[in-house]
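Beneath this line is the structure, given in structure tokens, with notes to follow.
The values are calculated or read from the model by the stated rules, or taken from the named source; none is laboratory data. Keep in mind it's a predicted model, so treat the numbers as computed, not measured. Here Cβ is always computed from backbone atoms with ideal geometry, including for glycine, and neighbour counts include all displayed protein chains. Protein only, heavy atoms only, side chains kept; ligands, DNA and RNA dropped before computing areas. Shrake-Rupley method; radii C 1.70, N 1.55, O 1.52, S 1.80 Å.
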Amino acid sequence: MKKLFVSVAATALIGMASSAMAEECGTVTVAEMNWASAGAISQIDKIILENGYGCTVELVSGDTMPTFTSMNEKGEPDMAPELWINAVREPLDKAVAEGSLIIGGEILNEGGVEGFWVPTYIAEEHDIYTVKDALAHPELFPGAEDESKGAFFTCPAGWNCRITTGNLFRAFGFDKGGFELVDPGSAAGLDGALAKANERKEGWLGYYWAPTAILGKYDMTLLDFEVPHDKEEWDTCTVIEDCPEPKPNSWVKSEVFTVVTDDFANKAGPAMEYIKGRTWDNRTAGKVLAWMTDNQAANEDGAYYFLENFEDVWTQWVSPEVAEKVKAAL
């Protein structure tokens, strides 16, 4: 009888604790951004916050500028899980200084990365790890209309990176080094060219960015530009179409953090420690995105895939007790 009483009392205490946690955290509005990596992490947050911390999560559609503006001016939604803060640096710094917004963890710990890539098997076999290394071997990169030249795949028309890539192509001397800029025609064309080369174990050189599904599927190496980012040169020439005398330059890493309102930070309790601590690298994010693409999966499907297959990653974000609750929910 005594054992039964203790068991009932313990169960009651656990229930009270769970209820208190839910009451403390309350309802949380989370922006589900309209690109895949951000959509997946918002669904991951929903599952962990609800099952691990007792929150009630409402997902709202979002995009970088509208979401940030709404958080800054109206205090909602409570959280932007994946905010590319380079685009909003000045007003964000002001809001943080005033205490209305709080920067959480660096959700993409390698940042958003842009640059020139080659397949890793090409990099390893031919010792190509820098832009200059690739420039010395046009024969390794087929696909140009002029078959005597190497192919350098640029961005489709209408993308800002097309201007940047074209200027850097000239700045590093590819135009005089036996290379030809290849227009892929569309995003699908760019992906198709990269995928075709990898499937055939051929060379490929061109612009891409991470994290993305295709770089999660194929092992690619980002080439070192061997020059620091020159902001003045970037603003006055690198991003200006047909700049007459472009100089070698490099992309600056896009910093990608979670941002929350002060209201959420004040009421979240232990959940705020989760928001500050969770992070994943581009390779992990890319693998999840690749699975989502291959399986035509929704963001929620991607979240469950991640939680079921990358336990070694997400269990580092939470306490053992929270991890067990989330596992039980899966």
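Here are the numbers for the structure shown:
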quantity: Rh (Kirkwood; distinct C-alpha pairs) - the range 53-133, Å; calculated: 15.8 Å
quantity: All-pairs Cα distance distribution in the chain, expressed in whole percent, bin size 20 Å; calculated: 28, 49, 20, 3, 0
quantity: Set of lysines with alpha-carbon distance to K74 below 26 Å, sequence-local pairs under 8 removed; calculated: K46, K94, K267, K276
quantity: Modelled label reach - S254, point 7 Å along Cα→Cβ, the range 76-96 residues with backbone N closer than 15 Å; calculated: 81-89
quantity: Mean ellipticity per residue at 222 nm, deg cm²/dmol - from DSSP H runs of n ≥ 4 across the chain, formula -39500 (n - 2.57); calculated: -14500 deg cm²/dmol
quantity: Top of A36, A171, A268 by mean-square fluctuation, Gaussian network on the chain, Cα under 10 Å; calculated: A171
quantity: Normalised convex hull volume, the range 174-330, alpha-carbon set, Å³ per residue; calculated: 187 Å³
quantity: FRET efficiency for E139 and E232, using Cβ-Cβ distance with R0 set to 51 Å, rounded to 0.05; calculated: 0.90
quantity: Label-to-label distance, nm, for residues given as R283 and D301 (7 Å Cα→Cβ offset); calculated: 2.6 nm
quantity: Cα-only Debye scattering, the range 281-330: base-10 log of I(q)/I(0) at q = 0.18, 0.29, 0.30 Å⁻¹; calculated: -0.58, -1.10, -1.13
quantity: Rounded accessible area per residue of the range 155-284, 1.4 Å, Å²; calculated: 46 Å²
quantity: Computed label-point distance, nm, for sites K74 and D263 using a 7 Å Cα→Cβ extension; calculated: 1.1 nm
quantity: Placed amide H near T221: partners under 5 Å, 5+ positions off or other chain; calculated: V118, T120
quantity: Partner lysines for K149 [C-alpha distance under 21 Å; skip if fewer than 8 residues away on the same chain]; calculated: K132, K176, K196, K201
quantity: Local electrostatic count, F152, Cβ distance below 10 Å [Lys/Arg +1, Asp/Glu -1]; calculated: -1
quantity: GluC sites (Glu not before Pro) restricted to the range 156-223 and DSSP loop, no more than 14 other C-beta within 10 Å; calculated: none
